[in-house]
Amino acid sequence: MPTESSTDQSEILYIDAISDALRDEMRADPSVVLMGQDIADHGGAFKITRGFLDEFGDQRIRNTPIAESGTIGIATGAAMLGTKPVIEMQFADFISCGFNQLVNVAAKMFWRTEHPVPMVIRLPGGGGMGAGAFHSQNIEAWFLHTPGLKVVTPSFSGDAYRLLRAAIRDPNPVLYFEHKFLYRRERSAIDKNTTPDRIEAESNVLRSGTDITVISWGWMTHRTLEAASTLAEEGIEIEVIDLPVLCPLDITTILESVERTSRVAIIHEATSTGGFGAEIAAQICQDAIWTLDAPVLRITYPDSPPPYHKDLEATRIPSAERICSELRQLKQQ
Amino acid sequence: MRELDASVHDSLREMHGYMRLAREWDLRFEKMFRTGALSKWYSSVGNEATTVAAACAIEAGDSLLTLHRDSGAILRHYLDIHEILPGLVPQTSSGRKSVGGDSRQRFLRLACQMLGRKHGFSAGHERSYHYNLIEEQHGLIHIGMISHLGSMIPVAAGTAFAFQQQGNHQVALNFIGEGATSTGDFHEALNIASVWKLPFILVIENNRWAFSTPTSQQYACQQLADRGQGYGIPGVQVDGNDPEAVFTVMSSAVDRARSGEGPTLIEAMLGRHRGHSEADDSLDLVPADEQDGYSSQDPLDLVEKKLVDRSTLSVSDLAEIRNRCASLVMVLVDEAMSMPQPDPDLPRRIHAD
C-alpha cells in the first residue's frame with residue numbers, strides 16, 4: 001500500500017515533506033518521472049521514495065546505473081520534449097560527476113536556444129553525521145556561479161514541501177538542496193494548499209530584531225535561531241532572515257533589514273572562500289555600505305573538506321555557541 | 001548486372017540531390033571563410049553520404065542531434081527538395097513522413113544562423129550548428145551541439161527516453177565523431193540506453209582523425225562497432241562513403257528502435273577531407289598518400305559515378321543538378337547576408353518564465 005499523504009496543515013518531518021511533495025506532484029502530473037540510484041525497490045538511500053514503485057510503476061520510477069552525467073544528460077533531453085524528470089542524487093557530493101552536463105548543457109540550454117529544461121535535481125547534502133569528505137559537503141556555491149540554474153535550500157518542512165512542488169513545475173533546471181541533518185530532526189507545519197508554479201526570490205524573516213541582521217539557510221538557520229534566543233536573553237535583538245531560495249536571491253529584504261540594523265552577519269555551513277556569503281556581503285557593500293556601523297561578518301565552515309570523526313567535524317560547523325560569541329563581538333564593534 | 005527497379009534509381013537520385021546540395025552549401029561557406037566573410041567554419045565535405053542516408057531513414061517526429069559535419073542530415077531533414085528545387089529529382093514513394101513547414105524559409109533561416117544574423121535560430125547568440133530547431137507542429141525536433149564533444153549523446157538518449165515515456169514510436173538519431181567515443185558520456189549514455197531499451201541510434205562518423213589525433217592514439221580496439229557488444233547492442237561498421245549501404249544499416253537500426261528492441265551503434269568509415277576547422281593546419285598531419293586515398297573515395301564522386309554507370313543520369317544531368325544546387329545556395333546566402341544583424345539592445349533571458 002502506498003503511504004498516504006499527510007493531511008493539510010499538519011506538523012510533519014522534513015523528510016516526509018519531501019516525500020509527500022514528490023508523491024503529490026507525481027499524482028497531479030503524469031509527466032513527472034523520478035530517476036536515481038536505488039530509488040525503486042530500495043526506496044532510495046534515505047527511503048524518500050519508499051512505496052513509489054508500487055504506486056507509480058517502473059516506467060516512472062527509474063533506477064539508474066551509477067552514471068550521474070548520463071542521467072543528467074538524459075533528463076535534459078527528456079525535459080526538452082515534455083517529460084519532467086526529478087533526479088535524486090544519492091548524495092549531493094556525487095553531482096560533481098555530472099557537472100558538465102549540468103553547467104554546460106542544461107544550464108545554458110534556455111539562454112542558447114530558448115527551449116526550457118524543466119527538471120529538478122534533489123541533492124541530499126550537508127554535515128553533522130560524521131559521514132566524511134564525500135557525503136557531507138555544502139556545494140551550493142558551485143552552481144550559484146552558473147547562470148541558468150535555480151537554487152533552493154529549504155530549512156523547514158513547509159518550505160521543503162512547497163518549494164519541491166514549485167521546483168517540479170518551474171520550467172528551469174532547479175537544484176534542490178535538502179539537508180540530511182534536518183531529515184528527522186526538523187518537524188513543523190506544512191500547508192499543502194499553497195503550491196506555487198515557479199521558484200521565485202523569497203526569504204523568511206523568522207525573527208525581528210534591531211541590533212544585527214543575520215542571514216542563513218539550511219541547517220544553519222536553526223542554529224541561528226537558537227543563538228538568537230540566547231542573545232535575546234542578553235538584550236541583543238537579532239533579525240533572522242532565512243533564505244529558502246538562493247537563486248533568484250531576495251536581496252531587497254536583506255538590504256531593507258540591514259539599513260535598519262546597521263550590522264549584518266551571514267552564516268553558512270559551506271566553506272568560506274567563494275561561498276555564497278561572499279556574494280551577499282558584496283551586494284550589501286555595494287548597495288548599503290553607508291548604512292553599516294561595522295564590517296560585514298561571515299561565519300562559515302573553514303576552507304577544508306569535511307573530516308570524518310564527529311568531534312573533528314563539530315569543530316568546523318558553526319555552532320550556536322560560536323555564533324553567539326561572534327555576534328556579541330559584532331554588536332560591540 | 002541485375003536490372004535495378006525504378007525505386008532504387010529514384011532513391012539514389014534523391015540522396016544524391018541532397019548530397020550535392022549539402023556539398024554546395026559547404027563549398028559556399030568555405031569560400032566565405034577564405035574571403036573573411038565568416039569567422040569560423042567546420043566543413044561537412046566528405047560526410048554527405050553518411051549524413052544524408054542516415055537522415056533518409058528517420059522521419060517527422062523523430063529527433064535529430066548533430067555536429068558540425070552533418071549539414072547533409074540537416075538539409076535532408078529540414079527541406080523538401082521537391083519544393084525548393086522542383087523537378088531536380090523524381091518524387092519517391094517511400095511512405096516516409098517528411099517534416100512539414102516552409103522549406104525555403106527554413107533554409108534561409110539556416111543561412112542566417114550560419115551568419116549570426118537576427119533571423120537565425122539563435123538570433124546571433126550561438127554560432128553555426130550550436131542551435132536547436134524544434135517545430136512540434138511540423139514534427140521537426142533538431143537539437144544542436146555544444147563544443148564539448150560527446151556531451152550531446154546523453155541528451156539524444158534523453159529525447160529517446162521522452163519518446164519511450166510518452167509511448168510513441170519515435171526514434172532519436174545522434175551523430176558523433178570517433179573522438180567522442182573516448183568520453184565518459186559515450187559510455188554512460190549507451191549503457192543506460194541499452195539497459196532501458198531506448199529507441200536510440202548513435203552514428204559514429206569515423207574520419208580517422210580527431211583534430212590532429214589519429215585513431216591509433218584514440219582507441220586500441222579493432223573497430224569501434226565492436227563496442228556495441230559490450231553494451232549488449234548491435235554494433236555495425238559500414239562504408240560511410242556508400243549512401244545505399246548506410247541507408248540499409250540505418251533502416252534496420254530504426255526498425256529495431258521503433259519496435260522497442262533498443263539502441264544500435266553504427267560506425268561509418270569515412271575519409272578526412274578537411275581540417276578540424278578551416279582555420280587550422282591539422283590536415284597537414286594527415287600523410288599525403290592517405291589524403292589521396294580519401295580524395296579518390298569522395299562520396300559525391302562515387303555516387304555520381306554509380307548514377308552514370310547505372311545509366312540513371314548523364315554527366316550533363318549531373319552538371320545541371322550541381323548548377324541548380326549551387327545557384328540556390330548562392331541566392332539564399334546572399335539573401336541572408338542582406339538580413340539584419342542581431343540587435344545588441346534586445347535582452348536575452350537566462351531563465352524561462
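Would you give the gap between the C-alpha center of the stretch A:291-317 and the C-alpha center of the stretch B:320-353, rounded to a whole Å?
Measuring centre to centre over Cα atoms gives 54 Å.
Provide the per-residue ³J(HN,Hα) series for the stretch A:238-243, in order, calculated from phi with Karplus coefficients 6.51, -1.76, 1.60 and θ = phi - 60°, each as a whole number of Hz, with x at glycine and proline positions.
Computed from phi, the couplings for the stretch A:238-243 are 9, 9, 9, 10, 9, 10 Hz.
Using only Cα atoms, locate the centre of the stretch B:209-264 and the centre of the stretch B:102-171, then give the distance between them in Å, rounded to an integer.
Centre-to-centre (Cα) distance: 23 Å.
Using θ = phi - 60° and the Karplus relation 6.51 cos²θ - 1.76 cosθ + 1.60, list the HN-Hα couplings for the stretch A:148-153 in order, rounded to whole Hz, with x at every Gly or Pro.
Computed from phi, the couplings for the stretch A:148-153 are x, 9, 10, 10, 10, 9 Hz.
Looking at the protein assembly as shown only, what percent of DSSP beta bridges run antiparallel? Nearest 5 please.
If we restrict to bridges inside the protein assembly as shown, about 20 percent are antiparallel.
Which helices count as membrane-span-like in chain A under these terms: full DSSP H, at least 20 Å along the axis by C-alpha, Kyte-Doolittle mean of -1.0 or more?
A:14-28, A:219-233
What is the set of long-range amide H partners of residue B:43 at a cut-off below 5 Å, with H atoms built 1.01 Å from backbone N?
HN-HN under 5 Å from residue B:43: B:278.
Near residue B:262, within a Cβ-to-Cβ distance under 14 Å, what is the net charge of the other residues, with Lys and Arg +1 and Asp and Glu -1?
So the environment of residue B:262 carries a net charge of +1.
Can you tell me how the protein assembly as shown classifies by the Cα gyration tensor, rounded, prolate or oblate, using a/c under 1.5 as the rounded cut?
Verdict is prolate for the protein assembly as shown.
Ranked by Cβ crowding within 10 angstrom, fewest neighbours first, how are B:351, A:309, B:77, B:148 ordered?
Taking fewest neighbouring Cβ atoms as first place, the list is A:309, B:148, B:351, B:77.
Could you name the lysines whose alpha carbon sits less than 16 Å from that of residue A:108, not counting residues in the same chain fewer than 8 places away?
Partners within reach: A:150.
In deg cm²/dmol, rounded to 500, what helix-only [θ] at 222 nm does the protein assembly as shown give when every DSSP H run of at least 4 residues adds -39500 (n - 2.57) and the total is split over its residues?
-12000 deg cm²/dmol
Over 24 Å, how big is the tail of the calculated P(r) for the stretch A:204-332, in percent of all Cα pairs?
22 percent
Could you give each residue of the stretch A:313-318 its phi-based ³J(HN,Hα) in whole Hz, using Karplus coefficients 6.51, -1.76, 1.60 with θ = phi - 60°, and x for Gly or Pro?
Those phi angles translate into 4, 4, 6, 8, 6, x Hz.
Within the stretch B:1-90, which GluC sites (Glu not before Pro) sit in a loop by DSSP and count at most 12 neighbouring Cβ atoms inside 10 Å?
B:3
Sort B:306, B:97 so that the residue with the fewest other Cβ atoms within 10 Å of its own Cβ comes first and the one with the most comes last.
By the 10 Å Cβ count, ascending, the order reads B:97, B:306.
Going by C-beta contacts inside 10 Å, put B:282, B:295 in order with the fewest on the left.
Final ranking by Cβ density, sparse to dense: B:295, B:282.
Hey, can you list the DSSP H helices of chain B whose Cα span along the axis is 24 Å or longer and whose average Kyte-Doolittle score is at least -1.0?
Within chain B the helices that satisfy the rule are B:6-34, B:315-337.
Long-range amide H contacts for residue A:119: which residues qualify at under 5 Å (H placed 1.01 Å from N, peptide plane, sequence gap of 5 or more or a different chain)?
A:172, A:174
Tell me the net charge near residue A:46. Cut-off is 13 Å between Cβ atoms, residue A:46 excluded, with +1 for each Lys or Arg and -1 for each Asp or Glu.
+1
Please list, by residue number, everything in the stretch B:77-110 whose backbone N is under 17 Å from a paramagnetic label point 7 Å out along Cα→Cβ of residue B:7.
B:90-98
Quick note: the coordinates plus some simple rules give every number you see, no bench work behind them. No experiment lies behind these values; they were computed from the predicted model shown. Every residue, glycine among them, receives a Cβ derived from its backbone with ideal geometry; neighbour counts consider all protein chains shown.
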